[in-house]
Amino acid sequence: MHFGFKELLTAGGPILFALAALSVYSIAVILERWSYFRKTTAEADAIVKKVMPLVRAGDPDKAALACKNSSNPAAKILEAALQAGGSRGERTEFAASAVEYNTSLFRRRLTVLATI
């Protein structure tokens with residue numbers, strides 16, 4: 001028994017079209033997430049190279065300002081740690097909450113992708 005493309009589409013009905021649409025959406029999400037991860041990682045390396053010499057030189061205010069001018073999640077985490085006052089434990093807590101928030105940005109749309 002030989003089926004042509006038209007017969008396969010007809011036999012699949014609306015389910016086939018739904019699966020095709022979800023496949024296209026999945027590919028779009030994969031490409032967007034890959035691009036985001038790649039860009040974020042490259043920017044994170046650059047911001048760390050820019051901020052760490054300022055921290056080592058004992059100028060946390062300039063380091064925090066450099067982080068504030070960046071939209072990168074790593075910069076936001078560093079900024080939270082640098083601007084937090086108090087003990088080392090309090091700074092760690094601020095940084096941990098910034099990590100938690102920015103991790104949610106990394107996971108955006110991955111639940112939908114896993115479900116599909």
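The values are calculated or read from the model by the stated rules, or taken from the named source; none is laboratory data. Bear in mind the structure is a predicted one, so any value in this text is a computation, not a measurement. Please note: Cβ atoms are built from the backbone with ideal geometry, for glycine as well, and neighbour counts cover all protein chains shown. For the accessible areas, the whole protein counts, side chains as well, though only heavy atoms, and no ligand, DNA or RNA atoms are used. Shrake-Rupley method; radii C 1.70, N 1.55, O 1.52, S 1.80 Å.
Quick notes
- Test: residue in segment 33-52 that is in contact with a Ser or Thr (Cβ under 6 Å, 6 or more places away or on another chain) and of a type outside the set (Ser, Thr, Tyr): yes
- Qualifying residue in segment 34-51 (condition: touching a Pro at 6+ places or on another chain (Cβ under 9 Å), closer than 19 Å to residue 108 by Cα and in contact (Cβ under 8 Å) with a residue 40 or more places away in the chain): yes
- The condition of being surrounded by fewer than 13 Cβ atoms within 10 Å (Cβ to Cβ) and of a type outside the set (A, V, I, L, M, F, W, C) holds for only one of 43, 100, that being 100.
- The numbered conditions (1) assigned to a helix (DSSP H, G or I); (2) open to solvent by 60 Å² or more (accessible area, probe 1.4 Å) are all true for residue 28 except (2).
- For segment 1-25, the set of residues classified as within 20 Å of residue 107 (Cβ to Cβ) and not in a helix (DSSP H, G or I) is empty.
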